[in-house]
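Asker: Quick one: this structure, given as structure tokens, is what I'll be asking you about.
The values are calculated or read from the model by the stated rules, or taken from the named source; none is laboratory data. These numbers come from a predicted model, not from an experiment. Heads up, the Cβs are rebuilt from the backbone with ideal geometry, glycines too, and the neighbour counts pull from every protein chain shown.
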2 protein chains.
Amino acid sequence: MLLAAREAQRGLARLSGADRDQAIRAVADALHRRQAEILAANDEDVARGAALSPALLDRLRLTPARLSALEAAIRAVAAQPDPLAGEEAPGPVIGGMNPPAGTTASLHASWTGPTGIVISERRVPLGVIAIVYEARPNVAAECAALTLKSGNALVLRGGKEAQASSRAIVQAIADGLSEVGLDQAVVQLVTDPAREAVVELLRATGLVDLVIPRGGAGLMALVDAEARVPVIRHGQGICHVYVDAQADLAMALDITDNAKTQRPGVCNALETLLVDAAIAEPFLSALGPRLGAKGVELRACERSRPVLERAGTTCRAAHPEDYDTEFLALILAVLVVDGLPAALEHIARHGSHHTASIVTQDPKAAERFLSEVDASCVLHNASTRLNDGGELGLGAEMGISTSKLHAYGPMGAKELTQKKRVVRGTGQIRP
Amino acid sequence: MLLAAREAQRGLARLSGADRDQAIRAVADALHRRQAEILAANDEDVARGAALSPALLDRLRLTPARLSALEAAIRAVAAQPDPLAGEEAPGPVIGGMNPPAGTTASLHASWTGPTGIVISERRVPLGVIAIVYEARPNVAAECAALTLKSGNALVLRGGKEAQASSRAIVQAIADGLSEVGLDQAVVQLVTDPAREAVVELLRATGLVDLVIPRGGAGLMALVDAEARVPVIRHGQGICHVYVDAQADLAMALDITDNAKTQRPGVCNALETLLVDAAIAEPFLSALGPRLGAKGVELRACERSRPVLERAGTTCRAAHPEDYDTEFLALILAVLVVDGLPAALEHIARHGSHHTASIVTQDPKAAERFLSEVDASCVLHNASTRLNDGGELGLGAEMGISTSKLHAYGPMGAKELTQKKRVVRGTGQIRP
């Protein structure tokens with residue numbers, strides 16, 4: 001299977017950008033045509049998953065609206081510029097010639113090195129990319145669009161909860177590919193439900209160029225123990241909102257509410273709310289009833305509980321582990337802190353390098369937060385839910401990297417490529 | 001030690017670019033002042049290493065000229081633009097506003113997303129970087145300059161052959177750092193010679209953000225088995241020159257000679273020469289005596305041996321493993337192939353994704369080679385020895401990545417950083 005993927009990838013990489021885009025559109029068309037079958041398969045998965053948590057069921061469920069959004073995301077990927085097109089200037093060359101005066105480095109530009117060699121950079125696919133994901137069946141199609149765009153082969157290993165949906169989606173993808181005469185092995189599904197199948201992918205040195213694990217602590221522990229091939233973790237999102245003393249209260253309420261409740265089962269949802277002590281009383285008094293009405297369970301620190309309870313909001317006492325937990329549910333940990341430094345310290349200790357937002361009207365506090373928080377996306381006066389490939393303009397995403405190697409944050413097609421250097425000479429040797 | 005490194009790294013990252021450059025120049029000054037001590041320490045290492053191969057001894061040996069070149073490389077790093085400065089536009093935002101007409105994306109630019117959030121990217125250090133290297137003691141100082149430049153802490157683990165030299169160099173670095181009041185823990189040397197010390201670095205999850213192993217197959221096998229932290233391999237260089245039927249013979253001779261003999265002990269030196277059968281007779285007849293006179297041992301295929309021997313060159317029959325060997329010595333494997341497709345096939349099977357060069361006057365053949373060879377640097381009519389941080393304009397290099405994750409080819413300061421996304425809003429939430 002992996003050998004077939006590699007072989008198919010070589011063929012894909014030789015196609016023009018236009019041909020790769022045509023394949024992506026054929027996949028979107030096939031998903032459109034097969035919508036009824038995909039929804040029926042998804043119904044099976046949902047029925048089998050009745051015992052799952054509401055958040056997991058939400059991730060698992062496909063609807064006509066979600067399939068339309070998926071189709072639109074795939075077509076948006078086809079419309080993006082080709083990540084493999086052209087050659088780029090590699091940046092300033094020390095001791096070499098700058099580009100001609102009055103021009104800027106741009107596509108197809110090149111630089112001249114000290115010996116007179118002309119240097120440029122060309123993007124190439126990574127090769128065979130495996131993705132290990134859990135219950136979200138639409139991941140298969142989004143990832144297929146991005147790997148087709150970037151000239152990579154894709155091996156999918158979805159969670160057993162989404163098995164029927166994943167099969168139906170991959171069948172549609174195969175249909176689309178065969179319509180444009182492309183080797184179906186560029187997108188394959190591992191159907192073996194055994195944990196050993198994941199271990200095999202993680203150990204397939206020379207056959208798999210990258211594994212992207214998307215999931216919780218169990219999957220990441222397996223990756224820690226077994227990975228021998230390069231890995232980019234789509235780790236958990238312990239995302240923070242910090243409401244500063246100088247926050248606009250109405251804005252802070254909207255952002256906190258949206259970040260926690262708009263889709264609680266996903267990784268960029270808010271998990272821990274930090275509130276400056278100076279604003280805790282008015283802010284929490286207004287927040288408690290608003291989140292309470294939406295069914296959010298609050299796990300509050302000793303300083304926030306009395307405020308919330310005076311406002312008529314029932315809440316539980318927070319345990320220390322609540323501040324290290326990705327709830328993926330309508331649960332929110334609340335902590336009152338003494339100003340920005342304490343908030344920064346808490347996020348440095350408990351954050352998962354995913355997403356953090358500050359709400360404040362004080363530009364100095366905002367810039368310090370944006371500068372010092374070590375997360376793939378730091379926001380000022382905006383919801384954590386906006387750290388998303390679509391909202392940031394990538395069209396779709398392979399996952400959100402929470403480590404800094406290769407990619408940090410949402411990964412689009414470009415993050416599935418790397419640059420090789422192309423040198424053109426006229427006989428230059430090393431002096 | 002690693003905790004001290006992390007703490008010191010936070011302080012370094014808060015410094016301005018000018019302050020980091022000042023520290024780098026202080027290191028160069030200290031290396032200059034302590035040149036006699038460093039050379040004396042190096043003499044010890046060289047005396048102790050009398051039994052090493054000539055190539056290893058060459059890598060180990062420091063001379064006043066090499067120390068001057070090192071100092072110049074370090075000052076060049078200080079003179080480079082700050083990799084952490086400014087904010088960049090993240091590229092086209094789908095559904096968002098393009099930058100104002102007539103402008104191009106540049107530093108300090110930003111883009112507007114669909115909800116009106118303003119998105120930019122800011123480069124951040126990776127954190128604590130460990131480098132495991134073998135006999136080249138100057139690696140310590142080059143890497144220190146690059147990690148200081150990029151706001152990272154450095155943990156050095158040099159080979160025992162270079163122990164005295166490494167200590168003397170790191171002592172000079174510490175001197176320079178203390179002169180500008182910087183925590184010396186930003187550059188530390190692991191002096192424990194045990195293999196377990198390397199294993200500890202490879203398993204220091206949460207303490208080490210990246211390990212760069214530079215070395216041979218033994219070190220890479222250890223990395224395969226033990227690494228739990230992110231790794232960028234500076235693997236071996238099985239570099240190729242392909243002399244095409246349409247090559248300029250004099251140029252092909254110069255490039256082959258330079259690539260093999262200019263410094264045979266380093267990773268971008270030529271190891272396997274591929275010669276098109278159509279040009280084998282005249283090219284090899286001229287090459288044999290020229291390399292023979294320089295003491296190069298030729299390991300020739302069945303088709304090249306008779307030609308070389310007719311030209312009066314003694315050579316050995318190549319064994320299959322010669323084409324998979326990084327000799328790092330005055331040994332060259334020679335193979336006659338039937339044209340470009342056979343050369344591409346051989347490189348795909350035996351190359352180590354490091355460097356490959358084609359010598360030809362045929363632009364079509366050149367472009368096909370540049371496009372299809374999967375190596376960090378592909379060259380046309382130039383020596384493989386030019387795949388080097390200095391020659392490509394990086395000033396110095398942390399190593400040459402032979403895998404495509406994060407970096408591919410020589411790594412400068414920029415490759416030791418990653419981008420985080422900075423989002424500025426006015427209360428935007430996810431619709």
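Asker: Evaluate the stretch B:267-290: report whether one residue or more is part of a loop (DSSP other than H, G, I, E, B) and surrounded by fewer than 22 Cβ atoms within 10 Å (Cβ to Cβ).
Answerer: no
Asker: Output yes when any residue across the stretch B:166-180 is surrounded by 17 or more Cβ atoms within 10 Å (Cβ to Cβ), on the phi < 0 side of the Ramachandran plot, of a type in the set (A, V, I, L, M) and not in a helix (DSSP H, G or I), and no when none is.
Answerer: Scanning the stretch B:166-180, I find no residue that is surrounded by 17 or more Cβ atoms within 10 Å (Cβ to Cβ), on the phi < 0 side of the Ramachandran plot, of a type in the set (A, V, I, L, M) and not in a helix (DSSP H, G or I), so the answer is no.
Asker: Is there any pair with a first residue in the stretch A:258-278 that is more than 10 Å from chain B (Cβ to nearest Cβ) and a second that is surrounded by fewer than 24 Cβ atoms within 10 Å (Cβ to Cβ) and of a type in the set (S, T, N, Q) whose Cβ atoms are under 7 Å apart and which are 6 or more apart or on different chains, and what are they?
Answerer: What qualifies is A:CYS267/A:GLN236; A:GLU271/A:THR325.
Asker: Out of the stretch B:107-144, which residues are surrounded by fewer than 23 Cβ atoms within 10 Å (Cβ to Cβ), in a loop (DSSP other than H, G, I, E, B) and hydrophobic (A, V, I, L, M, F, W, C)?
Answerer: Result: B:LEU107, B:ALA109.
Asker: Now for a separate question. Just a yes or no: is a residue in the stretch A:416-426 closer than 15 Å to A:VAL124 by Cα, crowded, with 23+ Cβ neighbours inside 10 Å and more than 9 Å from every other protein chain (Cβ to nearest Cβ)?
Answerer: Checked against the condition, which is being closer than 15 Å to A:VAL124 by Cα, crowded, with 23+ Cβ neighbours inside 10 Å and more than 9 Å from every other protein chain (Cβ to nearest Cβ), the stretch A:416-426 yields at least one hit.
Residue by residue, here is whether (1) of a type in the set (Ser, Thr, Tyr); (2) touching a residue at least 40 places away in the same chain (Cβ under 8 Å) holds:
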position	(1), (2)
B:THR313	yes, no
B:GLU321	no, no
B:GLU326	no, yes
B:VAL337	no, yes
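Asker: Moving on. Name the residues in the stretch B:145-162 that are assigned to a helix (DSSP H, G or I), modelled with pLDDT under 95 and buried (at least 24 other Cβ atoms within 10 Å of the Cβ), would you? Full working, then the answer.
Answerer: Keep residues of the stretch B:145-162 that are assigned to a helix (DSSP H, G or I), which gives B:145-150, B:160-162.
Those still in the list that are modelled with pLDDT under 95 too: B:160-162.
Once the filter is applied, which keeps residues that are assigned to a helix (DSSP H, G or I), modelled with pLDDT under 95 and buried (at least 24 other Cβ atoms within 10 Å of the Cβ), the stretch B:145-162 yields only B:ALA162.
Asker: Restricting to the stretch A:181-200, and then to whatever is aliphatic (A, V, I, L, M) and outside any helix (DSSP H, G or I), can you tell me which residue is farthest from A:ILE38 (Cα to Cα)?
Answerer: A:ALA194
Asker: May I ask you to list the residues in the stretch B:343-368 that are within 11 Å of another protein chain (Cβ to nearest Cβ), more than 19 Å from the chain's Cα centre (by Cα) and buried (at least 24 other Cβ atoms within 10 Å of the Cβ)?
Answerer: B:ILE358, B:VAL359
Asker: Out of everything in the stretch A:369-391 that is more than 13 Å from A:ILE347 (Cβ to Cβ) and charged (D, E, K, R), what residue ends up being surrounded by the fewest Cβ atoms within 10 Å (Cβ to Cβ)?
Answerer: A:ASP388
Asker: Can I ask one more? Suppose the filter is in the same structural domain as A:LEU207 (by TED's automatic domain parsing), within 30 Å of B:ARG368 (Cβ to Cβ) and over 24 Å from the mean Cα position of the chain (by Cα); does A:ALA8 pass it?
Answerer: Yes: the conditions hold for A:ALA8.
Asker: Cβ contacts < 7 Å: first residue without any contact (Cβ under 8 Å) to a residue 60 or more places away in the chain, restricted to the stretch B:127-146; second residue buried (at least 24 other Cβ atoms within 10 Å of the Cβ), any location; separation 6+ or different chain. Result?
Answerer: Qualifying pairs under 7 Å: B:ALA140/B:LEU156; B:ALA140/B:GLY158; B:ALA140/B:SER166; B:ALA140/B:ILE169.
Asker: Those residues that are more than 7 Å from chain B (Cβ to nearest Cβ) and out of contact with any Pro (no Cβ under 9 Å at 6 or more places or on another chain), I need them from the stretch A:377-392; list them, please.
Answerer: Answer for the stretch A:377-392, where residues must be more than 7 Å from chain B (Cβ to nearest Cβ) and out of contact with any Pro (no Cβ under 9 Å at 6 or more places or on another chain): just A:THR384.
Asker: What's the total number of residues in the stretch A:43-82 that are hydrophobic (A, V, I, L, M, F, W, C) and buried (at least 17 other Cβ atoms within 10 Å of the Cβ)?
Answerer: 13
Asker: For the stretch A:212-244, which residues satisfy the criterion of being within 14 Å of chain B (Cβ to nearest Cβ) and assigned to a helix (DSSP H, G or I)?
Answerer: A:ALA217, A:MET220, A:ALA221, A:LEU222, A:VAL223, A:ASP224, A:ALA225, A:GLU226
Asker: Could you list, in sequence order, the residues of the stretch B:13-59 that are touching an Asp or Glu at 6+ places or on another chain (Cβ under 6 Å) and of a type in the set (A, V, I, L, M, F, W, C)?
Answerer: Selection gives B:ALA26, B:ALA28, B:ALA30, B:LEU31.
Asker: I'm trying to understand the selection: among the residues of the stretch B:291-309, which are surrounded by fewer than 18 Cβ atoms within 10 Å (Cβ to Cβ) and among the aliphatic types (A, V, I, L, M)?
Answerer: Scanning the stretch B:291-309 gives a single hit, B:ALA293.
Asker: Determine which member of the set B:ARG368, B:ARG305, B:ARG385 is assigned by TED's automatic domain parsing to the domain that holds B:ASP257, under 24 Å from B:ALA135 (Cα atoms) and basic (Lys, Arg).
Answerer: The match here is B:ARG385.
Asker: Look at the stretch B:381-410 and say how many of its residues are hydrophobic (A, V, I, L, M, F, W, C) and at pLDDT below 90. First the steps, then the outcome.
Answerer: Start the filter on the stretch B:381-410 by keeping residues that are hydrophobic (A, V, I, L, M, F, W, C), which leaves B:382, B:386, B:392, B:394, B:396, B:398, B:400, B:405, B:407.
Narrowing further to those that are at pLDDT below 90: B:392, B:394, B:396, B:398, B:400.
Here the count works out to 5.
Asker: Is it the case that the stretch A:165-174 has a residue that's farther than 24 Å from A:LEU12 by Cβ, more than 12 Å from chain B (Cβ to nearest Cβ) and among the polar types (S, T, N, Q)?
Answerer: Checked the stretch A:165-174: at least one residue is farther than 24 Å from A:LEU12 by Cβ, more than 12 Å from chain B (Cβ to nearest Cβ) and among the polar types (S, T, N, Q).
Asker: A follow-up question, please. Kindly provide the set of residues from the stretch A:310-329 that are surrounded by fewer than 14 Cβ atoms within 10 Å (Cβ to Cβ) and more than 19 Å from A:GLU345 (Cα to Cα), ordered by number. Break it down into steps so the answer makes sense when it comes.
Answerer: So in the stretch A:310-329, the residues surrounded by fewer than 14 Cβ atoms within 10 Å (Cβ to Cβ) come out as A:310, A:312, A:314, A:316-317, A:319-321.
A:ARG310, A:GLY312, A:THR314, A:ARG316, A:ALA317 - these are the residues of the stretch A:310-329 that are surrounded by fewer than 14 Cβ atoms within 10 Å (Cβ to Cβ) and more than 19 Å from A:GLU345 (Cα to Cα).
Asker: For A:ILE94, are the conditions met, namely being modelled with pLDDT under 90 and β-branched (Val, Ile, Thr)?
Answerer: Details: modelled with pLDDT under 90: yes; β-branched (Val, Ile, Thr): yes.
Yes, satisfied.
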